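Each remark here refers to the structure printed beneath this line.
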Amino acid sequence: MKCNRLVDVGRRQFLRGGLVATAGAAAATVVGTGQAQAQTALALVDYPANRLANIADLAANEPMDIGYPDADSPGVLIKLGNAVDGGVGPDGDIVAFSVLCPHKGWMLSYNAGDRTLNCPGHHSRFDCESGGQQIWGHATQNLPQFRLRVEDDGDIFADGVDELIYGRLSNVL
Ligand code: FES
């Protein structure tokens, strides 16, 4: 008889523990959902829409120095001469990137031969025909690419960035 009572107490404690665990899991789900929403909100950045140049100013495969989203963030605007993913303009070949290496911020230089941006610091290389994809070196992210649009009169505007620019906690200061 005493033994049966102990088994019964054990069963009740087991069920109570299960209820506590279920409640905890539900609370964690609510907390988890709240955090995900907070991160989404933090990721929203208001970018300025800055005029960079006009299509008529560009020569094929010759980068033009620009600054975006402000003058302290150097970049290049390039008419590659062949259509690429993310390229704008009538030929789908105009792209723009930050030229601060994502590794330690050295200034990148353009190689017109293979259309890459190259770092003199530790030799990271980025493919301008593939959205700034890193193809070699110490960096741990692709090159920030500026989002472009072209107006009817040929003016080229930047209005966004797809990666974090080196040295910044937010692309827009
Ligand atoms: Fe460019 Fe190190 S700063 S690879």
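The values are calculated or read from the model by the stated rules, or taken from the named source; none is laboratory data. Here the structure is a predicted model, which means the values were calculated and not measured. Ideal geometry is used to build each Cβ from the backbone, glycine not excepted, and the neighbour counts take in all protein chains shown.
For the range 148-161, state whether one or more residues are away from the ligand (no atom under 13 Å from the Cβ), of a type in the set (Gly, Ala, Ser) and surrounded by fewer than 20 Cβ atoms within 10 Å (Cβ to Cβ).
yes
Part of a loop (DSSP other than H, G, I, E, B), of a type in the set (Asp, Glu) and within 17 Å of the chain's Cα centre (by Cα), is that true of residue 114?
No.
Could you grab me the full set of residues in the range 126-147 that are more than 17 Å from residue 167 (Cα to Cα), within 13 Å of the ligand (Cβ to nearest atom) and either among the polar types (S, T, N, Q) or surrounded by fewer than 19 Cβ atoms within 10 Å (Cβ to Cβ) (or both)?
Hits for the range 126-147 are 134, 135, 136, 137.
Out of curiosity, is residue 76 away from the ligand (no atom under 16 Å from the Cβ), at negative phi and either in a loop (DSSP other than H, G, I, E, B) or surrounded by 15 or more Cβ atoms within 10 Å (Cβ to Cβ) (or both)?
No: the conditions fail for residue 76.
Between 85, 72, which is among the acidic types (Asp, Glu) and modelled with pLDDT of 95 or more?
Going through 85, 72 in turn, just one is among the acidic types (Asp, Glu) and modelled with pLDDT of 95 or more: 72.
Could you go through the range 29-48 and let me know if any residue there is closer than 17 Å to residue 162 by Cα and at pLDDT 95 or above.
Looking through the range 29-48, at least one residue is closer than 17 Å to residue 162 by Cα and at pLDDT 95 or above.
Please specify each residue of the range 85-109 satisfying the condition of being assigned to a strand (DSSP E or B) and not aromatic (Phe, Trp, Tyr).
88, 94, 95, 96, 98, 100, 107, 109
Among the numbered conditions (1) touching a helix residue (DSSP H, G or I) at 6+ places or on another chain (Cβ under 8 Å); (2) without any contact (Cβ under 8 Å) to a residue 24 or more places away in the chain, tell me where residue 120 comes up short.
The failed condition is (1).
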